[in-house]
Amino acid sequence: MAVNYNAKEEADGHPSGVGASGGAGKSRKPDNTAFKQQRLPAWQPILTAGTVLPAFFIIGLIFIPIGIGIFVTSNNIREYEIDYTGTDSSSPCNKCLNVSWNSTPPCTCTINFTLNQPFETNVFMYYGLSNFYQNHRRYVKSRDDSQLNGDNSSLLHPSKECEPYSTSENKPIAPCGAIANSMFNDTLELFRIDNETRIPITLNKKGIAWWTDKNVKFRNPSGNTNNLTALFQGTTKPVNWPKPVYMLDSEADNNGFINEDFIVWMRTAALPTFRKLYRLIERKNNLQPTLQAGKYSLDITYNYPVHSFDGRKRMILSTISWMGGKNPFLGIAYITVGSICFFLGVVLLVIHHKYGNRNTSADIPN
Amino acid sequence: KLCAGEEKRVGTRTVFVGHRPVSETDAYVEQKFCDNRIVSSKYTVWNFLPKNLFEQFRRIANFYFLIIFLVQVIVDTPTSPVTSGLPLFFVIIVTAIKQGYEDWLRHRADKEVNKSSVFIVENAKQVKKHSEKIKVGDIVEVKADETFPCDLIFLASSNDDGICYVTTASLDGESNFKTHYAVRDTTGLQTDDDIDSLTATIECEQPQPDLYKFVGRINIYRSNQEPVARSLGPENLLLKGSTLKNTKKIYGVAVYTGMETKMALNYQGKSQKRSAVEKSINAFLVVYLCILVSKATVCTTLKYIWQSNPFNDEPWYNQKTIKERDTFKILRMFTDFLSFMVLFNFIIPVSMYVTVEMQKFLGSFFIAWDKEMYDEEIKEGALVNTSDLNEELGQVEYVFTDKTGTLTENSMKFIECCIDGHKYKDGISEVDGFSHTDGPLRYYGKAEKCREELFLRALCLCHTVQIKGGDNVDGLRVNQECWTYISSSPDEIALVKGAKKYGFTFLGHEADYMKVQNQKNEIEKYQLLHVLNFDPVRRRMSVIVKTSTGIFLLFCKGADSSIFPRVQQDEIQQTKVHVERNAMDGYRTLCVAFKELTQEDYKKINDQLSEAKMALQDREEKMARIFDDIEADMHLIGATAVEDRLQEHAAETIEALQTAGMKVWVLTGDKMETAKSTCYASRLFQTNTELLELTTKTMGDSDRKEERLHELLLEYHKKLLQDFPKNSGKLKRSWTVSQEYGLIIDGSTLSLILNPSQDSSSSNYKSIFLQICLKCTSVLCCRMAPLQKAQIVRMVKNTKGNPITLSIGDGANDVSMILEAHVGIGIKGKEGRQAARNSDYAVPKFKHLRKLLLAHGHLYYVRIAHLVQYFFYKNLCFILPQFLYQFFCGFSQQPLYDAAYLTMYNICFTSLPILAYSLLEQHINIETLTSDPRLYMKISDNAMLQWKPFLYWTFLGSFEGLVFFFGVYFLFQNSSLEHNGKVFGNWTFGTIVFTVLVFTVTLKLALDTRFWTWMNHFVIWGSLAFYVFFSFFWGGIIWPFLKQQRMYFVFAHMVTSVSTWLAIVLLIFISLSPEILLVVFKNKVQRRKKLSNRKASDSLSSRRSVRPLLLRTFSDESNV
């Protein structure tokens, strides 16, 4: 056995050279680690009818009460909606239908309505627009966030995105862009009619915008003075606005870019039919509902033309629950899905038990 | 590449040794050869950027994304160029860094080689130089254990006999020592002064990559004499990259340098093989491209219909810029179309290519790491040369295997021999108790003593075996224990060892002499005059030796088919019986013949051979022709039988492969009988397999060969056709066919079919032959030349349906078929490393094929198929809501998601879970996969990437996209979703959709994961957590570099809304529930199938266990 052909010996005796060709000469045994041998401890779940169908059953049982809860909550929300566009010739606002931006004196109209049920909790007043494409790309991008954030150079040099609403009369527009330019400017006032006397209802205009928007994202330009007029010097008002931005409100903390109506408007809506928060009506005392059942009248200063693009305008009064405004969709969806799951769970469980029995009986002989 | 232009390869080159002119009259002309700088790197610092970018953008996918990016830059598009630019540049930069790093490594390696110091003899002095400075014609000195800096012609060594030993381990992996010879006239030039006095020119062929071929001529000029011309062959050429061993130093003259060395010429990569999965990906890409274009077209059309209403086109609140108004409508439409394309372009995922490549690259490590594919004997595991084909391993339909060294061990054992028809056999067990000189022989009748000795001398002389001593080669050692025989062919070693058993010991070479110790312990010396090595075409080798008494002898050893026609016919019969019986037993047989040459004969031959050796071109062919002439009318002395045992588990592996639905073909150069018995032993043929033979035997006479062949073909065809229609209802690759057929064909018949003499109706017969082949369960092709092997593979590869083929082999003769097949597998065998080097994967043993295909191949296929489908799916449900949103935003290309989400979706939020899945998933345990080969059939025919599963995934994606969008749409019927009555805008809308999307898509993957390791947990839950974290972070800061702060606190507000939470949970559940239900039902059906299968397999295994018994009886019979 002296002369044995043995490749091993040779490989050992003369470890192959480190050639550029590579590849050759690796004679290391692979590590026996769980990872390298693809033997990591693993959980190997298999979805079987036995585990999934009861889960469906349980999910159904959970979803249905949630759905009912949501549905009931949503149904308890009081909501009242008035379309004040005035397309109908009988509508009091019909006269204002073809109003233009600068009509002076402004067209006003009054709509009377009756609330059949009292609104117990805080009431939120929305305005709603339809067929208004706030989500159009050209519209969405037509703003300058750094200008709105109080950046002084952007104030005087608005972004190109604002075109064609960035300059007017060779002065930079503040706030620039199509969104700002088309800000909703109807004024809505609510009166309770109590024995023919109109009692104005206090509409709170603060607290309607996101806190972060009001306090961080939107800022007035900075300077030595607190006088907004001076700070906005060198800029001009948006074309469609009757007043410059520093005259939006009399209160200093709600004027200029941090005007909450303005901030709300600047948050572009997702769909062409949308509503935006306009005013808050806070409950005054615990004895009386915020809005009693009875007659009311809505005074509208009709400035905002929507007829030209076939749009509609609405005023909505709504209470709010933990889940937001009235939205039947969620409740119905939960109830439907829950019922289907429950139904499937029950039916399939029955079927499975029949099959399952057969399976186990088949297993035994093996 | 640099200097070795194709046109320069023709013709010869003349090298002046030491740059010395041959005569004073001829002016020495400095020739231009390339320097010895090795440049394996692709790039330099200067051209890296343009060249690398160019190469990357040549890939169609990268180019597509570049176009999209450019469109975004040029045209006013909805998403900023960053969204598609960032992922693209991420991909490009990562690839560039990887390639740059690899190139840097190559630069470093090059530098190391180029700057290494060498000694050059100039004016009788040694000059130390950098390796890169070597010029063609320089005389280089190389010391022991140094590698040669360039291709050298060996001039002289420190040994007087002009021999040096070399290993080429880093060239072709063969670690044995190879002997190289210096030309006799220069062997004496052993000092610097001597070598400097040499005036010579070398004419040789232009550089060519074949490592084993070289022809040249050296003309040595001596003062006032005619130049002496000597031929140069591969044995005179020392290749760059090989290492000098056992020799103190050598002198050589550089002939090929730098990029013209054979090593550099071999460096070029192999042609890329593309996998079937990639073809599927491309098909799906086309579908998605169509979806993309049609979506864009639909949107553009609808946009203009919608805009035909002027108050939609340009309401007072949203007026166009002057520029927009002025552009032509056609141009505007075109821009809009492009914008939509850009908006939806994410449907074709950039990151898929990166992920697929990462998966392949990282995944291939698992093959190399596999401990079960590690072989203790050779201390090596599997080797992955290309990671592109991992999944192809799961799709193999045809396996072409070599026999020797692949199915068998190729570790030869001398079993018996026959001399003049007398059988000589010894059992190792009987060795004890016999004296060494007489040999432990058991004679079955005895041949004449002189014939016996002649036979044994022939065995001792007719070979190319060398002896590797314990420490030094020269000098006889009494202690023979530390010797090892080295040869490129294990057969020869077995034969030499066999001869030793009978008392004749080969003691090695001494200069031109071969020393043999005979039975009487005397040392006989034979002068070795000429050797013509074994080659697979001639199938024999010959040596011419001169005995000490001055008799010229020719010994020839080879396959019976090549020896029998060349010996006296009356001698054949008695030996033939033995040869055939040995072949039946599966032994490899060789016949030995000799011829005595007269002085005149030898002289004539010697002249012819010397002349042929001088030839620069086709030298081997010329020599072969001369030998052909001499090798006639020889005397047959006897035959040898060498056993080549089956590799362990070879039979089980073949059986498993067949059960897995693969068809196994054996392509061998061996004799039919040997191959057939191996096939039976390896259970390729069962006892009940009906064999159809198409061999020279069945063909009969040479005149009617072709007609007979055609008759046979038609007959077999008819037979198979009759039998098969009955089974047509069953699965195509069913493993239970009532009658199994096996086909045996040999090389000459095959060439008759493939290259017929008259071309009439030949293609018809070819197709008939092919049909026969495809219907047989197993095919054995014997007597195959290497090229024929490749021909067969190509033939099957190009049949209808383009089945995936796999070739496995171990020798140089298998390289062609390994390169030809879809997947080439090399066995790290004993016949050198060429096969392993040229293969896509190399494994130590045939049995490892089982795990490689059944487990690794299966898993990789499932993983990558799922990866691809999942990628398309997740991008479809990503983009579909964006498409639907266009219907609600006036087709204005308003993106639904924020740019950050668009960008990050594929690279951060959803990439890692699928990557982890595609690396770690084991939907079925590896053990189960290996032990139950039938599982392999489940994924055959690219099952997971057919249109049906693709449509299923597409449907799923569309369904989920619809659920996401319309769910949130209905939720947003009242956008005041917070408890304080404040309203959400469009970005919140998109964020809710996106959140549902990310969760659904990730959880869908979680549902599909059957193998949850900690890594899967980490990446799946980690990705979701990262998404949430990122969203908070992204919305938490006013980013100074952003034009718009769209996402500022959007996510934070979203999560404060209870309604949103409820909606997200609901939508995720709705999206996933159909999938869950479907999986449950599938599992149920599967389980029932499995139950019935288990019963079937029980009966099968009982049947299977019978088989070895049957086999045993068969082989017992054949032994008698």
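The values are calculated or read from the model by the stated rules, or taken from the named source; none is laboratory data. A quick note: this is a predicted structure, and the numbers were derived from the prediction, not measured. Positions of Cβ are generated from backbone atoms using ideal geometry, with glycine treated the same way; all protein chains shown enter the neighbour counts.
Quick grid of which residues meet (1) facing chain B (nearest Cβ under 9 Å); (2) at pLDDT 90 or above; (3) surrounded by fewer than 15 Cβ atoms within 10 Å (Cβ to Cβ):
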| residue | (1), (2), (3) |
| --- | --- |
| A:A269 | yes, yes, no |
| A:R279 | no, yes, no |
| A:Q288 | no, no, yes |
| A:I340 | yes, yes, no |
| A:L348 | yes, no, no |
| A:T360 | no, no, yes |
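Against the definition (surrounded by fewer than 18 Cβ atoms within 10 Å (Cβ to Cβ), part of a loop (DSSP other than H, G, I, E, B) and in contact with a Leu (Cβ under 9 Å, 6 or more places away or on another chain)), how does A:T87 come out, yes or no? Spelling it out, A:T87 is indeed surrounded by fewer than 18 Cβ atoms within 10 Å (Cβ to Cβ), part of a loop (DSSP other than H, G, I, E, B) and in contact with a Leu (Cβ under 9 Å, 6 or more places away or on another chain). Just to be sure, is B:S1057 in contact with a strand residue (DSSP E or B) (Cβ under 7 Å, 6 or more places away or on another chain) and polar (S, T, N, Q)? Answer is yes for this residue.
Tell me, yes or no, whether segment B:567-579 has at least one residue that is under 30 Å from B:E377 (Cβ atoms), of a type in the set (D, E, K, R) and surrounded by fewer than 22 Cβ atoms within 10 Å (Cβ to Cβ). Taking every residue of segment B:567-579 in turn, none turns out to be under 30 Å from B:E377 (Cβ atoms), of a type in the set (D, E, K, R) and surrounded by fewer than 22 Cβ atoms within 10 Å (Cβ to Cβ).
Please indicate, with yes or no, whether at least one residue in segment B:395-409 is in a helix (DSSP H, G or I), crowded, with 19+ Cβ neighbours inside 10 Å and of a type in the set (A, V, I, L, M, F, W, C). Spell out the reasoning first.
We begin by selecting, within segment B:395-409, every residue in a helix (DSSP H, G or I); these are none.
Within segment B:395-409, none of the residues are in a helix (DSSP H, G or I), crowded, with 19+ Cβ neighbours inside 10 Å and of a type in the set (A, V, I, L, M, F, W, C).
The single residue among B:T687, B:T589 that is more than 30 Å from B:P207 (Cβ to Cβ) and either assigned to a strand (DSSP E or B) or at pLDDT 85 or above (or both) turns out to be B:T589. Being of a type outside the set (S, T, N, Q), facing chain B (nearest Cβ under 10 Å) and touching a Pro at 6+ places or on another chain (Cβ under 6 Å), is that true of even one residue in segment A:305-319? Within segment A:305-319, one or more residues are of a type outside the set (S, T, N, Q), facing chain B (nearest Cβ under 10 Å) and touching a Pro at 6+ places or on another chain (Cβ under 6 Å). Filtering A:N181, A:N215, A:N149, A:N195 for residues that are closer than 28 Å to A:Y302 by Cα, within 14 Å of chain B (Cβ to nearest Cβ) and either in contact with an Asp or Glu (Cβ under 8 Å, 6 or more places away or on another chain) or not hydrophobic (A, V, I, L, M, F, W, C) (or both) leaves a single hit, A:N181.
Among residues of segment B:373-389 being within 8 Å of chain A (Cβ to nearest Cβ) and in contact (Cβ under 8 Å) with a residue 24 or more places away in the chain, the one that is farthest from B:D840 (Cα to Cα) is B:E377. Residue-level check: of (1) crowded, with 20+ Cβ neighbours inside 10 Å; (2) farther than 18 Å from A:M183 by Cα; (3) modelled with pLDDT under 90, A:Y296 misses just (3).
Residues of segment A:278-329 that are assigned to a strand (DSSP E or B) and in contact with a His (Cβ under 8 Å, 6 or more places away or on another chain): A:S321, A:G324. If the condition is being β-branched (V, I, T) and within 11 Å of chain B (Cβ to nearest Cβ), then segment A:198-212 contributes A:I208, A:T212. Meeting the requirement of 2 or more residues that are at pLDDT 95 or above, the helices (runs of 4 or more DSSP H) wholly within segment B:913-1023 are B:947-971, B:986-1008. Scanning segment B:358-394 for residues that are within 16 Å of the chain's Cα centre (by Cα) and assigned to a strand (DSSP E or B) yields a count of 2.
Note on segment B:789-798: residues that are buried (at least 19 other Cβ atoms within 10 Å of the Cβ) and in contact with a Ser or Thr (Cβ under 7 Å, 6 or more places away or on another chain) amount to 4. Any idea which residue in segment B:307-337 is surrounded by the most Cβ atoms within 10 Å (Cβ to Cβ), counting only those that are away from chain A (no Cβ under 14 Å) and in a helix (DSSP H, G or I)? Looking at the filtered set, the residue picked out is B:F337. In a residue-by-residue description of segment A:60-67, the property of being buried (at least 17 other Cβ atoms within 10 Å of the Cβ), modelled with pLDDT under 90 and facing chain B (nearest Cβ under 10 Å) applies to no position.
Just give me the residues in segment A:104-121 being in contact with a Ser or Thr (Cβ under 6 Å, 6 or more places away or on another chain) and either assigned to a loop (DSSP other than H, G, I, E, B) or over 28 Å from A:L271 (Cβ atoms) (or both), in sequence order.
Of everything in segment A:104-121, those that are in contact with a Ser or Thr (Cβ under 6 Å, 6 or more places away or on another chain) and either assigned to a loop (DSSP other than H, G, I, E, B) or over 28 Å from A:L271 (Cβ atoms) (or both) turn out to be A:P106, A:T108, A:T110, A:N112, A:T121.
Counting residues in segment B:1036-1047 that are crowded, with 18+ Cβ neighbours inside 10 Å and assigned to a helix (DSSP H, G or I) gives zero. Among the residues of segment B:690-728, just one is assigned to a helix (DSSP H, G or I), among the polar types (S, T, N, Q) and modelled with pLDDT under 70, namely B:N727. On the stretch given as segment B:548-576, residues that are out of contact with any helix residue (DSSP H, G or I) (no Cβ under 9 Å at 6 or more places or on another chain) and either free of Cβ contacts under 8 Å to residues at least 12 places away in the same chain or over 30 Å from B:G811 (Cβ atoms) (or both) total 10.
For every residue, the table says whether it meets (1) among the small types (G, A, S); (2) within 22 Å of B:A651 (Cα to Cα); (3) part of a loop (DSSP other than H, G, I, E, B).
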{"position": "B:C781", "(1), (2), (3)": "no, yes, no"}
{"position": "B:I792", "(1), (2), (3)": "no, no, no"}
{"position": "B:K800", "(1), (2), (3)": "no, no, yes"}
{"position": "B:L819", "(1), (2), (3)": "no, no, no"}
{"position": "B:F846", "(1), (2), (3)": "no, yes, yes"}
{"position": "B:V862", "(1), (2), (3)": "no, no, no"}
{"position": "B:V868", "(1), (2), (3)": "no, no, no"}
{"position": "B:N875", "(1), (2), (3)": "no, no, no"}
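Please determine whether any residue of segment B:799-821 is over 11 Å from the mean Cα position of the chain (by Cα), under 23 Å from B:C679 (Cβ atoms), buried (at least 23 other Cβ atoms within 10 Å of the Cβ) and within 14 Å of another protein chain (Cβ to nearest Cβ). Checking segment B:799-821: at least one residue is over 11 Å from the mean Cα position of the chain (by Cα), under 23 Å from B:C679 (Cβ atoms), buried (at least 23 other Cβ atoms within 10 Å of the Cβ) and within 14 Å of another protein chain (Cβ to nearest Cβ). How many of the residues making up segment A:37-52 are modelled with pLDDT of 80 or more and either within 7 Å of another protein chain (Cβ to nearest Cβ) or in contact with a Phe, Trp or Tyr (Cβ under 9 Å, 6 or more places away or on another chain) (or both)? Residues in segment A:37-52 being modelled with pLDDT of 80 or more and either within 7 Å of another protein chain (Cβ to nearest Cβ) or in contact with a Phe, Trp or Tyr (Cβ under 9 Å, 6 or more places away or on another chain) (or both): 9 in total. Conditions: (1) under 30 Å from B:V1028 (Cβ atoms); (2) in a helix (DSSP H, G or I); (3) not basic (K, R). B:L854 meets all but one. Number of the miss? Failed condition: (1).
Being surrounded by fewer than 19 Cβ atoms within 10 Å (Cβ to Cβ), closer than 19 Å to B:Q894 by Cα and either of a type in the set (D, E) or within 13 Å of chain B (Cβ to nearest Cβ) (or both) holds for only one residue in A:N135, A:N131, and it is A:N131.
On the basis of being of a type outside the set (A, V, I, L, M, F, W, C), in contact (Cβ under 8 Å) with a residue 12 or more places away in the chain and either out of contact with any helix residue (DSSP H, G or I) (no Cβ under 7 Å at 6 or more places or on another chain) or under 26 Å from B:Y897 (Cβ atoms) (or both), does B:Y288 make the cut? The answer is yes for B:Y288.
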